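First the structure, in the form of structure tokens, and then the observations on it.
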Amino acid sequence: MHTTLFYIIIAILLADAVWSWILEELNRRSWAHKVPERLADVYPQEKFEKQKQYRKINHRFGEISSTFSLVILLVFLWYHGFAWVDGMVQQFTVHWLWRPLFFFGVMGLASFIISLPFSVYQTFVIEERFGFNKTTPKTFVLDQIKGLLLGAIIGGVLLGLVVWFYEFAGRWFWLYAWAGLSLFMIFFSKFYTTLILPLFNKQTPLEEGELRTAIEAMSKRAGFTLENVYVMDSSKRSTKANAFFSGFGKNKRIVLFDTLINDLETREIVAVLAHEIGHFRLRHIIWSTVLSVLQTGLTLFLLGWFVSEPSLSRALGVDAPVFHIGLIGFAILYSPVSEILGLGMTIFSRRNEYQADAFAAKYADARALQSALKKISANALSNPTPHPWYVFFNYSHPPLLKRLEALDRFLD
Ligand SMILES: [Zn+2]
């Protein structure tokens, strides 16, 4: 039984890699050689050539990094790497709580070290070459350290909680774990901009001036208080521009990148802000949190069903079944299911984007939003013609041309 499971695990990893490769390849073949007519004003020939270079290099980089991590994972599985790490950990501790925590600590650290050269290359070579990078080595190092610590604390607490429930709550452990993780997800989504984001960026309330006055009237009409609009110093990392809505209740907040304010005209910024207010008024954050909670429930229910199955641990080379090894086996076997559920989330997210665009057309100006989207997209050198399948499976936002088309309905 466990040998069959082992080969199923390998097959799932290979199938997933082939599938991603097919999508990437389809996407590569749909690259436009000419600027789409609608984007000619934001993509002059020279910039379009630069865009082609950028996606070519990113495509190549993606191929190399994903092949590299797949090979490492396969070799690791083949030589029972998980059992080997677990054996090492057991020389230090066999305690029910410390053993899984140390195990995932070692695995997390290893994957951090493996991916580090790739993120250095991405930031300081690719992004630098195309003029996007503003990250100093100091900021980069601090980001990595903060990210590691944050991952260790949050990951450690959540994993510790799940292991503790597993140890003491028996077969209903998944219900307790579901309650715990759900509370955490709600807490995290509510307090993200006040607790986590300040570790990485400074946010300041919108200054008095032309922009604030322009925003004031629109946000009143759209039903949002201006006190909740902040500007973030994203220009210390990258020139790419964005804006997002986060949190709910008292902690709701719209964050505008300072790069957005530099790149766009006032009426365009007002339109982007109206789009973000749309996400709030149409309750998109609340609904995606509800969906994630339901998805987590299903995952934990199935985990509770399978994790104690001895052949799951044996498939990974560990004879006496343990929770943390079972968890890894389960995660890989479950990945096709989670991919399908994730697909549901991206479809939902694209629908939300169209709705927020329509909201912005109503409370601000469709034409201003169109030109804002064009500028943001062209400044980031995004692909103007992604393959429809690639979009369907990967894009959380509809592609630019589709959004422009949908906004045409609101032009008079
Ligand atoms: Zn949006």
Check your understanding: Along the stretch 91-103, what does the Karplus equation 6.51 cos²θ - 1.76 cosθ + 1.60 (θ = phi - 60°) give for ³J(HN,Hα), rounded to whole Hz, x for Gly and Pro?
Key -> 5, 9, 8, 10, 4, 4, 9, 5, 4, x, 5, 5, 4
Point to revise | Efficiency of FRET from Cβ geometry, Gln91 and Ser396, R₀ 45 Å, rounded to 0.05 | key: 0.55
Exercise for review: Convert each backbone phi in the stretch 377-382 into a coupling constant with the Karplus relation 6.51 cos²θ - 1.76 cosθ + 1.60 (shift: θ = phi - 60°), then list the ³J(HN,Hα) values in order as whole Hz, x for Gly and Pro.
Suggested key: 5, 5, 5, 8, 6, 6
Review point. So who's got an amide H within less than 5 Å of the one on Ser238, skipping anything under 5 residues away but keeping other chains? H placed 1.01 Å off N, in plane.
Key: Lys134
Point to revise | Relative contact order of the chain, pairs being alpha-carbon contacts under 8 Å that are 6 or more residues apart, as % | key: 21 percent
Point to revise | Residues of the stretch 132-167 with amide N under 14 Å of a point placed 7 Å along Cα→Cβ from Ser335 | key: none
Check your understanding: What is the gain in length, in nm to one decimal, between Lys50 and Met185 on full extension, counting 0.36 nm per residue of separation less the C-alpha to C-alpha distance?
Key -> 44.6 nm
**Study point:** Degrees separating the helix 45-78 axis from the principal Cα axis of the chain, which is the longest one
**Key:** 10 degrees
Study note, to complete from the structure: Phi angles of the stretch 260-270, converted by Karplus (6.51 cos²θ - 1.76 cosθ + 1.60, θ = phi - 60°) into ³J(HN,Hα) in whole Hz with x for Gly and Pro, give 5, 5, 6, 7, 10, 7, 3, 5, 6, 5, 4
Practice item. Starting with the highest mean, order 378-388, 58-68 by the number of other Cβ atoms within 10 Å, averaged over the residues of each peptide. Key: 378-388, 58-68
Check your understanding: Using a ≥ b ≥ c from the Cα gyration tensor of the stretch 288-412 (square roots of the eigenvalues), is it rounded, prolate or oblate, where a/c under 1.5 gives rounded and otherwise the larger of a/b and b/c decides, a/b for prolate?
Key -> prolate
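Extension gain Ser349-Asn262, at 0.36 nm per residue separation less the Cα-Cα distance, in nm?
Additional length available on full extension: 28.6 nm.
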Exercise for review: Would you mind classifying the chain by shape? Square roots of the alpha carbon gyration tensor eigenvalues, ordered a ≥ b ≥ c; an a/c under 1.5 is rounded, otherwise it is prolate if a/b is larger than b/c and oblate if not.
Suggested key: prolate
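Would you kindly state how much longer the chain becomes between Ala83 and Asp412 on full extension, computed as 0.36 nm times their sequence separation minus their alpha carbon distance, in nm to one decimal?
That pair, Ala83 and Asp412, stretches by 111.9 nm at full extension.
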Review point. Hey, got the dipole for the stretch 48-171? About the Cα centre, +1 on K and R Cβ, -1 on D and E Cβ, debye to the nearest 20?
Key: 420 debye
Check your understanding: For the residue pair Phe112 and Ile12, what label-to-label distance in nm results when each label sits 7 Å from Cα along the Cα-to-beta-carbon direction?
Key -> 2.7 nm
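Which shape class, rounded, prolate or oblate, goes with the stretch 65-208 when its Cα gyration tensor gives a ≥ b ≥ c as root eigenvalues, a/c under 1.5 marks rounded, and past that a/b bigger than b/c marks prolate? Could the numbers behind the result be given before it?
Working: a/c = 2.57, a/b = 1.26, b/c = 2.04.
Judged from the Cα gyration tensor, the stretch 65-208 comes out oblate (a/c at least 1.5, b/c at or above a/b).
Every read-out reported here was derived from the displayed coordinates using simple, explicitly stated rules and does not represent laboratory data. What you see is a predicted model; the values in this text were computed from it and never measured. Note that each Cβ is placed from the backbone with ideal geometry, even for glycine, and that neighbours are counted across all protein chains shown.
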